[in-house]
Amino acid sequence: MTATGTSPTLLSSFNLHNLPLANRIVMAPMTRSRAGEEMLANAMMAEYYAQRASTGLIVTEGTFISDQAIGWQHVPGIYTQEQTQAWQVVTKAVHEKGGKIFLQLWHCGRASHSSFHQDYQLPVAPSAIKLEGDSIHTPQGKQPYETPRALSTDEIPLVVEDYRQAASNAKTAGFDGVEIHSANGYLLDSFLQSKTNQRQDRYGGTLENRYRFLKEVVEAISQVWSTQRIGVRLSPNGVYNDMGSPDYRETFLYVAQQLNVFDLAYLHILDGLAFGFHELGEPIHLSEFRTVYNGTIIGNCGYTQKDADDRISNGHADLIAFGRPFISNPDLVERFTNGWPLNPPAEQSIWYSFEREGYTDFPTYLESQVKTT
């Protein structure tokens, strides 16, 4: 796809460590809850992702790495043979359209509930600190968050192995790479942040110790994937899931600097404030991450087409991820390329409907023009 005068940089091609991307637009990971109670990728999901395959890179919805990781209804997993085989339908559909797709590896940590787990085991976290916020949707309806159980030091290597095995399964499933979800208050993010990590062992206290879990996950996954096919997602400014630590700037710039040594596929940073801002100081901008991170940077959260092109043109980002615009615009890239208007935003009530409605039924611009003529 050729670049246009409106967004010449955003729509230009990009070489992601010898993985050619048609443009610099990324489809951000978004939970859509269409995997059914079986937690299996399916034909409807394959259609959904294939509809959006013209984007440079798709990052899938967060996908559970284990039973312990579960914290959302009708979300797919990647920890059993059946789940792994089911994802092959999706990767095949995307690749047949010429697309590239990474799987996001997800552990909900304390943002879960015992009703998701066998024998009603409590969700796990770095420390036994309850998430203060709205109730959580569970298989038994809305329920208040619970005080999680702190993982023991000896348990953490077992979770690291869950990440490694899930990443290996993703390779078998035909993905082009994996993204480690270390953002938005989920397990790995909660280990990074001083607000939620009050441990006294080798995984808590100092910045080095709080970073250790994420480092071990990256190292473990690099046993089965080249680091150039591993991405990491961070949310330094975010308040989502009751996050935000006083030392956020020091923490996340340190983490980025440490990740720089791995030659990752990319660092995916939610620098935008569309999900809320903790207001503990000035937001960290991508330009600050550029001072400590030399690799590919993806910016994300609330970008417009112009903002995205500007951020890439000024060198602060290499790629920009769009989330909600992709829900109602399967042809978002074509709309950006041709200056076509976007479909109205999808109603939030159908984001997680479990059905085709609000998922694969949005028309492309050309389809809508045919219907009106």
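Observations on the model:
- Kirkwood Rh, angstrom, the chain [1 / mean 1/r, Cα pairs]: 20.7
- Percentage relative contact order, the chain, counting C-alpha pairs under 8 Å, at least six apart: 17
- Each of Glu216, Glu82 was scored by other Cβ atoms within 10 Å of its Cβ. Arranged with the fewest first, they read Glu82, Glu216.
- Cut-off under 5 Å, modelled amide H: who pairs with Arg199 long-range: Gly205
- Met30 long-range amide H proximity, modeled H, under 5 Å: Glu61, Gly62
- With kT/(6 pi eta Rh) evaluated at 25 °C and eta = 0.890 mPa s, and Rh the Kirkwood radius from Cα pairs, the range 44-150 diffuses with a coefficient of 161 µm²/s according to Stokes-Einstein.
- In the chain, helices alone account for a calculated mean residue ellipticity at 222 nm of -8500 deg cm²/dmol, with every DSSP H run of four or more residues adding -39,500 (n - 2.57).
- Entries of Lys100/Lys215; Lys171/Lys306; Lys92/Lys215 with Cα pairs more than 28 Å apart: Lys171/Lys306; Lys92/Lys215
- 3J(HN,Hα) couplings calculated from phi for the range 185-199 with the Karplus curve 6.51 cos²θ - 1.76 cosθ + 1.60 (θ = phi - 60°) are, in sequence order, x, 7, 3, 5, 4, 5, 6, 5, 9, 5, 4, 10, 10, 10, 6 Hz; Gly and Pro show x.
- Based on C-alpha pairs under 8 angstrom that are at least 6 apart in sequence, the range 66-113 has a relative contact order of 59 percent.
- Backbone HN-Hα couplings from phi across the range 324-333 [Karplus 6.51/-1.76/1.60, Hz, Gly and Pro as x]: 4, x, 6, 4, 9, 10, x, 9, 4, 4
Readers should treat all values here as calculations from the given coordinates under stated rules, not as data from a laboratory. For clarity, every value in this text was computed on a predicted model and none was experimentally measured. Quick reminder, even Gly has a Cβ in these numbers, built from the backbone with ideal geometry, and neighbours come from all protein chains shown.
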